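Read-outs throughout are calculated quantities, based only on the coordinates presented, and are distinct from any laboratory measurement. Everything numeric here is computed off the predicted structure, so don't read it as measured data. FYI the Cβ positions are ideal-geometry reconstructions off the backbone, even for glycines, and counts take in every protein chain you see.
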């Protein structure tokens, strides 16, 4: 039988309430290697009717690999993750469905019912998160009357008690995890206000030497920087997804030390440990060698936070490499570092004839005092650890 025939027969069995029969029919398409996304979705629905959630998740993951914005599959995936108490994963999938639905000229009747259901679930999850966050802040010693006004405002913004005013900028700060209020607007931060940057630039030869040693002995540790994954939905497409055109090797990745890379780069590790790195369990720092191949371009995007700076130290740089942050574009030059606010839209490119490799890391913005860093860290660790399946 052809794929259309199997699909129609499977759908008919599902509509007649014969879930096990439908599952067998859709499985025939899978076994014959002719299953399309709609057959995989039918298999997921049939598995759910059969109360086989693990099989349903395998099938819906196959749908999302082919169609990352399939709203029915995203809803099913969100429901499955909620059932596993993965609140972050469920929220991410539900919120993407709502964003996609907002672009439709007309919402189908069945989808409208599902949208109402997931909106209700998101409200419930919001209440659970607010209590979780309040508990974590209380344990960290937070007292509103003692905290800075801008931190209190940031907390209110996070909890939806206050709405952020439109900054009226073409390229505003637009972090997608946490917005710290009253952070001065910069594209590139003045280097003279970062006294450690000049010393780091002076060690360019040493760091590049360790990079070259790493490339000669552990080139396999350079892997695509942008990974596909089904635990969190892809909100947008990128030409660099799973691409060898943009690869990286981490010394620290999301706060976790990569001991084998550190062993190959002991001086780079030592230099990094002396810097005000953004230390948040499960999130930061990330310290890495980032390699961009000739002709590759990193598309415009924004980062997680506006209370840190991303720093680059260019190590191997052909002509034609640059970075745009907001309306400010600069050419990359070997040994000349910069710190920029990655919550502002930015993009990078390599128009040269050889790979461009930089040392990339993140540091706290120097305007923040110790108390603010402590409370921001508490919030971020609470966000990172909320309803996340190990």
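Roughly speaking, what is the centre-to-centre gap between the range 133-175 and the range 198-225 when only Cα atoms are used, to the nearest Å? If we compute the Cα centre of each part, the gap is 38 Å. Mind running the shape call on the range 191-370? Use the C-alpha gyration tensor, a ≥ b ≥ c as the square roots of the eigenvalues: rounded below 1.5 for a/c, prolate if a/b tops b/c, oblate otherwise. Since a/c stays below 1.5, the shape of the range 191-370 is classed as rounded.
Spatial offset of the range 350-390 relative to the range 96-110 amounts to 33 Å, using the alpha carbon center of each. Convex hull volume of the Cα atoms of the range 63-216, normalised per residue: 250 Å³.
Report note on the peptides 187-200, 159-172: ranked by the mean count of other C-beta atoms within 10 Å, highest first, their order is 187-200, 159-172.
With the Cα gyration tensor of the range 100-191 giving a ≥ b ≥ c as the square roots of its eigenvalues, does the rule (a/c under 1.5 for rounded; else a/b larger than b/c for prolate; else oblate) give rounded, prolate or oblate? Because a/c hits 1.5 or more and a/b fails to exceed b/c, the range 100-191 counts as oblate. Nearest 10 degrees is fine. How inclined is helix 149-158 to the longest principal axis of the chain, computing both from alpha carbons? That helix lies at roughly 20 degrees to the long axis.
In this rough spin-label picture, where each label sits 7 Å from Cα along the Cβ direction, the residue 386-residue 165 distance is 2.6 nm. Label positions at residue 128 and residue 8, each projected 7 Å from the Cα along the C-beta direction, are separated by 4.3 nm. Taking a ≥ b ≥ c as the square roots of the eigenvalues of the Cα gyration tensor, the range 1-50 is classed as prolate, since a/c reaches at least 1.5 and a/b is larger than b/c. Taking Cα atoms only, the orientation of helix 53-66 departs from the longest principal axis of the chain by about 60 degrees. For residue 213 and residue 188, a Förster radius of 35 Å and the Cβ-Cβ distance give a FRET efficiency of 0.70, rounded to the nearest 0.05.
Subtract the Cα-Cα distance of residue 53 and residue 353 from 0.36 nm times their separation in residues, and report this length gain in nm to one decimal. Extra length from residue 53 to residue 353 when fully extended: 103.0 nm. Note on the chain: GNM, Cα springs under 10 Å; of 337, 141, 19, the largest mean-square fluctuation is that of 141.
With a Förster radius of 51 Å applied to the beta-carbon distance between residue 263 and residue 101, the computed FRET efficiency rounds to 0.55. Largest GNM mean-square fluctuation across 357, 103, 278, computed for the chain with C-alpha springs under 10 Å, falls on 103.
Which of 339, 219, 139 ends up with the largest GNM mean-square fluctuation for the chain, with Cα atoms connected below 10 Å? Residue with maximal mean-square fluctuation among 339, 219, 139: 139. Measuring between their Cα centroids, the range 243-322 and the range 1-62 lie 43 Å from each other.
Against the main long axis of the alpha-carbon atoms of the chain, helix 3-15 sits at an angle near 70°.
A simple spin-label model places the labels of residue 146 and residue 61 4.6 nm from each other, with each point 7 Å out along Cα-to-Cβ. With contacts taken as Cα pairs under 8 Å at a separation of at least 6 residues, the chain carries a relative contact order of 16 percent. For the range 3-122, the equivalent ellipsoid derived from the alpha-carbon gyration tensor has semi-axes of 25, 16, 13 Å in decreasing order. For the chain, the equivalent ellipsoid derived from the Cα gyration tensor has semi-axes of 42, 28, 19 Å, listed largest first.
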